[in-house]
Amino acid sequence: MGVRRRAGLFILQVNPILCDGFGHCGELAPELVKMDEWGYPIINPEPVPFTNTGAHESARYAERGCPRQALRIRKISDK
Ligand code: SF4
């Protein structure tokens, strides 16, 4: 049995109330997150396919690595 790939698109979302601007997410997912001049994340607003395994893995690292649990991977499309 082969590995099933998830279809659809996701975005990484930040809860600005929880985020304290430590900037780990910019290190863990540099292709999805840039930091502003105060160290707060600017998240790429473009949906990313789950089949982009590198970006999805980075998003999962950032989600797990955020010390404030301010990040969430949100599925926005099934196709
Ligand atoms: S790692 Fe979490 S708390 Fe730190 S800047 Fe990113 S979203 Fe904010």
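Each reported figure results from applying straightforward, stated rules to the coordinates on display, with no laboratory input. Since the structure is predicted, the reported quantities are computational estimates derived from the model, not experimental observations. Using ideal geometry, Cβ is built from the backbone for each residue, glycine included, and neighbour counts are taken over all protein chains shown.
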Of the residues that sit in the stretch 51-79 and are buried (at least 18 other Cβ atoms within 10 Å of the Cβ) and touching a residue at least 40 places away in the same chain (Cβ under 8 Å), which one is nearest to the chain's Cα centre (by Cα)? 59
With the structure loaded, tell me whether residue 33 is more than 20 Å from residue 79 (Cα to Cα) and under 11 Å from the mean Cα position of the chain (by Cα) or whether it fails that test. yes
Considering only residues that are within 15 Å of the ligand (Cβ to nearest atom) and aromatic (Phe, Trp, Tyr), which ones fall in the stretch 21-79? 22, 38, 40, 61
